[in-house]
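Structure first, then comments.
No value in this document is a laboratory result; all are computed from the given coordinates. All values derive from a computational prediction rather than experimental measurement. For neighbour counting, all protein chains shown are included, and Cβ atoms are generated from backbone atoms with ideal geometry for every residue, glycine included.
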Amino acid sequence: MPAVPVRTVPPAVLDSPAGGALSLIFTTLPALLRLSCGLVGAVVAVSVRTPPVRVGLLLPVVALLTAWSLWYGARALRGGVTPALVAGDVLLTTVACLLVPHLVAPEVLPGEGSWIAVLASTTVINAQVTAPARWSVPAALLVAAGYGVGAQAAGNAREATAHTATLLVQTALTAMMSTVMRRRIGRADRAFAAHQRLASEALVARTARESERRQNRDLHDTVLGTLTMVGLGAVSGPSEALRRRCAADLRTLTALADARAVPGDGPVSLDDRLRSVRDRLPELPVALDLAACAVPAAVADAVAESVFAALSNVVRHAPGAHAELRVRRVGGGVAAEVVDDGPGFDPAVVSPHRYGLRESVRGRMAAIGGSARIDSAPGAGTRIRLEWPGVG
């Protein structure tokens, strides 16, 4: 099967959208203007051939200018207006202006409406919008001078003065308009570039903070949690469960050091993940009520680790308590609940610097667009509800 060509956006348009749009406009409009004026001018030129028009000169000039208009339009639309196109346009128009006595009938010369007058105006305007002022203004003055000389040689001083003045006014106005637009567009693109730079820096900083928070959560829920359990006396004497937990903590530290593993995005079984969480805490009796749920891997990781953090808190702060873990589909998302019959606590008096609930549960769920609700009171146990709303 042949390859299908893919239309790409030029880098200049992506990096400088306003400047790219202006360049597109200042390429398309001159091309269309040159094409329309060239073709219409050719028809008008050959329709009035009264003396002293020299038909033997008129027809080759019209043919050359028509071919040039077609070439100019095609090249401009394909690759933009180049300096060579501007120079060629100015040169051909100036020569045509000097030949006014042989190309324009005397009866159509007055009133600045002859096909040569229209050609000169088109060239002057196109030059201003497609070339820098330091080149386009002298080029326009050359065209204006050529028209003035040609009209004067044709015996119409009034037309020479009038349209030369018109060409000068068109040059000044178009040059000023182009300069103002380019400056404004340049300012807009610089503001856009500054915004993009700040947004990129903010994204890098946010990514770095999130990576640090994720590592801190993993450390809190593994190594620090294990050390806290040992320090509180939750493990007495040799313990196979403690050895397994330490081995799991070591794997977590190795993964953090390598920083290579990136979880997949495909759906995985959340209920299986939660069963493995229960197996990581054999010292805590946990009743399971798990409905079958398939969620993205990142969501399963966040919910499972949040549940592990919640159950670890039961082990550390409510020894001897029983816990229940439930998960259900809720709309397009999932909801998991961890309930224990321990002594409970007052969430309002938990110090803000405490990391467990703030980052290991709430922070981890917020990172996937979910939420965590903690209901507890002294003597009433604790209920932690984790919700992920699904993909909207």
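What's the exposure ranking of LEU198, LEU141, going from fewest to most Cβ atoms within 10 Å? Numbers along the way, then the final one.
On the way: LEU198 10, LEU141 15.
Fewest-to-most ranking of LEU198, LEU141: LEU198, LEU141.
With the contact rule set at Cα under 8 Å and sequence spacing of 6 or more, what percent relative contact order holds for the range 11-196? The partial results should precede the final answer.
Working: 226 pairs, mean separation 48.7, N = 186.
It comes to 26 percent, rounded to a whole number.
How charged is the neighbourhood of GLY148? Take every other residue with its Cβ under 15 Å from the Cβ of GLY148, and add Lys/Arg as +1 and Asp/Glu as -1. Don't skip to the answer; put the middle values down first.
Working: positive: ARG158; negative: GLU112, GLU159.
For residues surrounding GLY148, the net value is -1.
If you take the square roots of the eigenvalues of the alpha-carbon gyration tensor of the range 38-110 and sort them as a ≥ b ≥ c, do you get rounded (a/c under 1.5), prolate (a/b over b/c) or oblate? All intermediate terms of the calculation are to be shown ahead of the outcome.
Values: a/c = 2.77, a/b = 2.11, b/c = 1.31.
Since a/c reaches 1.5 and a/b is larger than b/c, the shape of the range 38-110 is classed as prolate.
Can you sort ASP341, ASP289, ASP189 by how many other beta carbons sit within 10 Å, fewest first?
Values: ASP341 15, ASP289 11, ASP189 19.
Lowest to highest Cβ neighbour count: ASP289, ASP341, ASP189.
If I take every Cα pair under 8 Å that is 6 or more residues apart in the range 262-392, average their sequence separation and divide by the length, what percent do I get for the relative contact order? If you can, show how the numbers build up before the last one.
On the way: 249 pairs, mean separation 31.9, N = 131.
Across the range 262-392, relative contact order equals 24 percent.
In nanometres, what is the gap between the two model label sites at ARG187 and VAL118, each 7 Å from Cα along Cα-to-Cβ?
Simple spin-label model gives 3.8 nm for this pair.
Report the net charge of residues surrounding ALA131, where surrounding means a beta-carbon distance below 12 angstrom and charges are Lys +1, Arg +1, Asp -1, Glu -1.
+1
Give me ASP271, ASP346 sorted ascending by neighbouring Cβ count inside 10 Å, so fewest comes first.
On the way: ASP271 19, ASP346 9.
With the sparsest Cβ surroundings first, the list reads ASP346, ASP271.
For the range 185-193, just list the computed ³J(HN,Hα) in residue order, Karplus coefficients 6.51, -1.76 and 1.60, θ = phi - 60°, integers in Hz, with x standing in for Gly and Pro.
My calculation for the range 185-193 gives 5, x, 5, 5, 5, 5, 5, 4, 4 Hz in order.
Would you mind computing, in nm to one decimal, how far apart the modelled labels at ALA367 and ALA194 are, each placed 7 Å from Cα along Cα→Cβ?
Rounded to a tenth, the inter-label distance reads 3.5 nm.
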